[in-house]
Every structure is written in structure tokens, then in C-alpha cells.
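See structure below.
The values are calculated or read from the model by the stated rules, or taken from the named source; none is laboratory data. Just so it is clear, the structure is predicted and the values come from calculations on it, not from any experiment. Cβ sites come from the backbone with ideal geometry, for glycine too, and all protein chains shown count toward neighbours. Side chains are part of the model used for accessible areas, which takes the heavy atoms of the whole protein and leaves out ligands, DNA and RNA. Shrake-Rupley method; radii C 1.70, N 1.55, O 1.52, S 1.80 Å.
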Amino acid sequence: VDTLVIDKTGTLTEGKPSVEKVVGNAGYSSKDALQYLATVNAHSEHPLGKATVDEAKKQEVKLLEATDFHNESGKGVYANVEGSTIYVGTHRLLEAFAIAISEEVKAAVLEEQKHGKTVSYIAKDKEVIGFVVLSDALKATTKKAIQAIQNRGIEVHMLTGDNKNTAASIANEVGIVHFTAEVLPEEKHRYIEKLQKSGKIVAMAGDGINDAPALAQSNIGISMGTGTDVAIESSDVTLVKGDIYDIKRALVLGTKTMRNIKQNLFFALVYNALGVPIAAGVLYPFLGILLSPMVAAVAMSFSSVSVIANALRLRNTKLD
């Protein structure tokens with residue numbers, strides 16, 4: 001592997017977002033915005049959606065009834081609430097439905113994104129009524145892991161459905177040079193395909209349903225054990241604890257295992273290459289040497305013992 005493509009949410013970050021604040025707009029209070037936000041997100045399976053529902057419960061905000069729920073993958077969700085359509089998601093979702101965002105709201109959102117926060121807009125019919133600011137902490141080992149992987153000569157690329165400003169903030173914090181933001185699920189697959197066509201050997205690390213096609217496309221798929229079942233099924237390697245530093249450990253173990261396999265093949269072949277012809281009598285016409293069956297048995301056993309002893313050295317491998 002010479003290239004690692006990595007998802008952000010749940011891979012670099014904990015994948016446990018929390019609501020920092022909800023900001024109301026156009027005469028709507030923060031509680032009004034939260035009520036609509038959580039009502040729609042109650043039907044979503046996304047971690048961001050769950051975080052907003054938890055916040056509504058925490059603030060004892062009563063949810064309304066939502067019908068005709070729709071999920072626009074990588075953009076957001078919308079549903080009918082009390083006769084109005086409520087939209088929750090990125091600027092792409094609002095643009096798709098021709099909903100304008102005021103310069104004032106854009107400026108406020110940009111300020112939050114510069115600090116690495118994820119922001120979702122809340123709109124009612126054709127009007128933006130607020131936005132929610134969410135944070136998802138980086139895993140404790142993320143920065144150390146990225147540095148260790150790059151030190152092994154592996155190029156790291158981050159893909160995220162989040163906005164460019166948040167992506168830039170996270171990438172800068174952990175030391176990733178190559179990153180692409182606002183990536184839709186189907187675009188991850190094409191991104192990896194493009195890298196492979198340029199001659200790269202690509203590993204992909206992710207944890208969600210959206211990552212499954214990309215994990216399957218990559219040369220080596222790496223899933224977080226804390227992620228979804230479909231991601232785990234689509235991958236070749238599962239990091240049981242979901243610790244990103246284990247990618248570096250897997251790389252070390254993989255390299256040393258392959259080296260050990262080649263050594264074992266040498267041990268197995270060299271004994272047979274020497275022993276079988278001698279046992280067959282190839283030296284008898286010239287030197288009168290025949291290999292006793294007892295000696296042949298010992299040599300064969302020693303071949304197996306050498307291979308096993310060499311393989312057992314892997315138990316002492318230091319992965320850190």
C-alpha cells in the first residue's frame with residue numbers, strides 16, 4: 001500500500017457528535033428551530049440526527065409529527081411537519097430546492113466552520129429559520145497515527161461529506177495535505193478508482209454504510225470495529241477497537257508477516273532442493289553417497305521445525 005484514503009466521521013473522529021448550539025433566524029427562536037430540527041431528524045439514522053434528537057430530549061422540547069420523510073444521501077433530510085416542508089442539511093440540499101441563504105447567516109456559519117465545527121441548516125418551506133452547530137472530537141490517537149503512517153512513506157487522503165472549511169480545519173490539525181470535502185457517497189468509490197488508475201495501491205479506511213462501495217473497491221479495505229456491519233463485511237481488515245493507530249500497527253504486522261512467509265518458503269525449499277535429489281541417489285554414481293531414510297526423516301522434520309520456529313518469531317514483533 002502506498003496510499004491511504006480515510007473517511008473523517010467515525011474514523012478520524014469519535015463518531016459521537018454532540019450539539020453545541022442551535023441558532024434561530026427570521027424571527028424563530030433557538031427552541032423553535034430545535035423543535036423542527038429534531039422532529040425531522042427523529043426519522044434519520046445518521047449520528048448527527050441522533051445528536052439533535054438527544055439535545056431536544058435534554059432541553060425537554062416536544063417533538064411534532066413528521067410525515068413524508070426523505071433522505072438525500074450526502075446532502076440532508078426533509079419531511080412534512082404541520083403542513084410545511086422542513087429541510088435539514090447542507091447548503092447543497094437548500095440549493096437543490098432553490099432556498100436562499102442570507103449573507104448574515106452564511107457569515108455566522110462560516111465562522112463556526114473555521115473552528116472545525118459541522119453545521120446543518122434548518123429551513124421551513126423557502127426560508128432559513130436557523131442552523132445547528134455540532135462538534136465531533138478527534139480520536140486521541142488520530143494525529144499520532146497519521147504522522148506514523150506518513151512516516152512510512154504512505155500518502156494520506158481524507159474524504160468527507162462535510163464542508164470545505166470544516167474539512168480544511170480538521171486536515172490542518174492532524175497534518176493531512178490531501179483532502180476533498182463535500183464528497184457524496186458514490187464519489188468516494190470513483191475517487192479510489194481514479195487513484196488506482198494512476199498506479200496507486202490504495203487502502204481505504206471507513207466505518208459507515210456510505211463507505212462500503214469504496215471499501216470494496218480499494219486494494220485493502222479497513223473498517224472500524226465500532227462501525228456498521230455492512231462496512232465490516234465489505235472490508236479485508238477490521239480494527240476491533242476502532243483505534244486509527246491500529247492502521248499503523250496493521251501495516252507493520254503485514255510487512256513483517258510477508259517477510260516471514262518469504263523466509264519460510266526459502267527454508268522449506270532449500271531443504272527439499274538439497275535433500276530430495278540426494279535421497280534419490282543423484283550423488284551415488286560420483287561419490288557413492290546415499291541418504292539414509294533416518295537422516296532424510298530428521299532433515300524433513302528439521303525443515304518443518306525451522307519454518308515453525310521462524311514463524312513464532314512474529315509473536316515478539318513490536319508494532320508500536
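In the stretch 283-320, of all residues being of a type in the set (S, T, Y) and either without any contact (Cβ under 8 Å) to a residue 12 or more places away in the chain or in a helix (DSSP H, G or I) (or both), the one that is most open to solvent (accessible area, probe 1.4 Å) corresponds to Y284.
Provide a single number: the residues in the stretch 148-173 that are in a helix (DSSP H, G or I), crowded, with 20+ Cβ neighbours inside 10 Å and either free of Cβ contacts under 8 Å to residues at least 24 places away in the same chain or in contact with a helix residue (DSSP H, G or I) (Cβ under 7 Å, 6 or more places away or on another chain) (or both).
Residues in the stretch 148-173 being in a helix (DSSP H, G or I), crowded, with 20+ Cβ neighbours inside 10 Å and either free of Cβ contacts under 8 Å to residues at least 24 places away in the same chain or in contact with a helix residue (DSSP H, G or I) (Cβ under 7 Å, 6 or more places away or on another chain) (or both): 3 in total.
Filter the stretch 37-59 down to the residues that are under 15 Å from H70 (Cβ atoms) and touching a residue at least 60 places away in the same chain (Cβ under 8 Å) and list them by number. None; the set is empty. Residues considered: E55, E104, E20. Of these, the only one that is more than 28 Å from the chain's Cα centre (by Cα), modelled with pLDDT of 90 or more and closer than 19 Å to I129 by Cβ is E104.
If you scan the stretch 126-137, which residues turn out to be in a strand (DSSP E or B) and either touching a helix residue (DSSP H, G or I) at 6+ places or on another chain (Cβ under 7 Å) or free of Cβ contacts under 8 Å to residues at least 60 places away in the same chain (or both)?
Residues of the stretch 126-137 that are in a strand (DSSP E or B), as a first pass: 127-135.
Of everything in the stretch 126-137, those that are in a strand (DSSP E or B) and either touching a helix residue (DSSP H, G or I) at 6+ places or on another chain (Cβ under 7 Å) or free of Cβ contacts under 8 Å to residues at least 60 places away in the same chain (or both) turn out to be V128, I129, G130, F131, V132, V133, L134.
For the stretch 190-237, filtering for residues that are within 21 Å of R92 (Cβ to Cβ) and modelled with pLDDT under 90 leaves 7.
Please tell me if Y28 is buried (at least 18 other Cβ atoms within 10 Å of the Cβ), over 11 Å from V88 (Cβ atoms) and aromatic (F, W, Y).
On the way: buried (at least 18 other Cβ atoms within 10 Å of the Cβ): yes; over 11 Å from V88 (Cβ atoms): yes; aromatic (F, W, Y): yes.
Taking the combined requirement at face value, the residue satisfies it.
Could you say whether any residue in the stretch 40-59 is open to solvent by 60 Å² or more (accessible area, probe 1.4 Å) and of a type in the set (S, T, N, Q)? Yes, that holds for at least one residue. Could you list all residues from the stretch 67-106 that are aliphatic (A, V, I, L, M) and on the phi > 0 side of the Ramachandran plot? Correct list: A98 only. Scanning the stretch 103-125 for residues being touching a residue at least 60 places away in the same chain (Cβ under 8 Å), within 17 Å of G27 (Cα to Cα) and of a type outside the set (D, E, K, R) gives a total of 3. Filtered by the rule that a residue be open to solvent by less than 40 Å² (accessible area, probe 1.4 Å) and out of contact with any helix residue (DSSP H, G or I) (no Cβ under 8 Å at 6 or more places or on another chain), the stretch 61-89 gives S84, T85, G89.
Does T11 satisfy the criteria of being at pLDDT 95 or above, under 30 Å from K200 (Cβ atoms) and touching a strand residue (DSSP E or B) at 6+ places or on another chain (Cβ under 7 Å)? Break it down into steps so the answer makes sense when it comes.
Numbers: at pLDDT 95 or above: no; under 30 Å from K200 (Cβ atoms): yes; touching a strand residue (DSSP E or B) at 6+ places or on another chain (Cβ under 7 Å): yes.
So T11 fails the test.
With respect to (1) among the hydrophobic types (A, V, I, L, M, F, W, C); (2) at pLDDT below 90; (3) under 14 Å from the mean Cα position of the chain (by Cα), the lone exception for I247 is condition (2).
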